[in-house]
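**Q** There's a structure below that I have some questions on.
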Amino acid sequence: MMTPPVKSGPRYNNMIQADKVRVIDGDGENLGVMYTREAIEQAAEVGLDLVEVSPNADPPVCKFLDVGKFRYEAQKKANLARKSQKTQEIKEIKMRPNIDDHDYETKMKAVNRFIEEGDKVKVTLRFRGREFSHQALGMALLKRVQDDVAEVAKIEAYPRMEGRQMLMVLAPK
């Protein structure tokens, strides 16, 4: 025995399981609480379907609508919401502990641009050779980065060592 496919979307007409429903007609007028069968008949008289718009209410709220049009509008709204959604990326900026001032400023311009675009920024400080024994320089540099972006970003992950590199993650405020 095969089970029928599960329908997605709102229940309508004979799929509505409640005995009584609160009914709103096509013009948005509240017709009050009535039996589901009676409401379906009234909707059919006007050439529309009885669609459950708020199934969790007590009693459920149903409306006289065209089901196909209702589904189309809902799908359009979902697509628009998905399109306008901004995914937050993590951009990475790599530095060395003995970075020059001009190089530092260039990197900071990039950091500020990424944060303005709404992305997170991972600042990676790589230690090579004897630099590894001067981790205090690295901490001072990351503190300077932190102070420079204090107005536009907050620290999501405080500076920490991972092998030969020091990491810090900044997120837009």
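**Q** Please identify the pairs in which a residue from the stretch 148-166 that is assigned by TED's automatic domain parsing to the domain that holds Leu137 has its Cβ atom under 7 Å from the Cβ atom of a residue that is surrounded by fewer than 12 Cβ atoms within 10 Å (Cβ to Cβ) and at pLDDT below 90, counting only partners at least 6 apart or on another chain.
**A** As it stands, the answer is Val152/Lys173; Ala153/Lys173; Lys154/Lys173, since those pairs meet every condition given.
**Q** Might you check whether a residue that is buried (at least 16 other Cβ atoms within 10 Å of the Cβ), outside any strand (DSSP E or B), on the phi < 0 side of the Ramachandran plot and in contact with a Leu (Cβ under 7 Å, 6 or more places away or on another chain) occurs anywhere in the stretch 155-167?
**A** no
**Q** Which of the residues spanning the stretch 115-151 are in contact with a Leu (Cβ under 7 Å, 6 or more places away or on another chain) and in a helix (DSSP H, G or I)?
**A** Ile115, Gly138, Leu141, Leu142
**Q** Yes or no: Glu92 more than 20 Å from the chain's Cα centre (by Cα), surrounded by fewer than 15 Cβ atoms within 10 Å (Cβ to Cβ) and under 30 Å from Pro10 (Cα atoms)?
**A** No; evaluated as a whole, the condition is false for this residue.
**Q** From the list Val23, Val61, Val33, which residue is surrounded by 11 or more Cβ atoms within 10 Å (Cβ to Cβ), touching a Cys at 6+ places or on another chain (Cβ under 6 Å) and modelled with pLDDT of 90 or more?
**A** Val23
**Q** May I ask you to say which residue of Phe114, Phe70 is farther than 30 Å from Tyr35 by Cβ, modelled with pLDDT under 95 and under 25 Å from the mean Cα position of the chain (by Cα)?
**A** Unique residue meeting the criteria: Phe114.
**Q** Being surrounded by 14 or more Cβ atoms within 10 Å (Cβ to Cβ) and among the hydrophobic types (A, V, I, L, M, F, W, C) is the filter; apply it to the stretch 138-154 and report the residue that is nearest to Asp119 (Cα to Cα).
**A** The residue in question is Ala153.
**Q** Looking only at strands (runs of 3 or more DSSP E) that fall completely inside the stretch 33-113, which ones have 1 or more residues that are assigned by TED's automatic domain parsing to the domain that holds Arg130?
**A** It comes to 90-95.
**Q** Need pairs with beta-carbon distance below 7 Å; first residue within 10 Å of Ile24 (Cβ to Cβ) and within the stretch 50-77, second surrounded by 14 or more Cβ atoms within 10 Å (Cβ to Cβ) and of a type in the set (Asp, Glu); sequence gap 6+ or separate chains.
**A** Cys62/Glu52; Phe64/Asp25; Leu65/Asp49
The values are calculated or read from the model by the stated rules, or taken from the named source; none is laboratory data. Here the structure is a predicted model, which is why all the values come from computation and not from measurement. All Cβ positions, glycine included, derive from the backbone under ideal geometry; neighbour counts span all protein chains shown.
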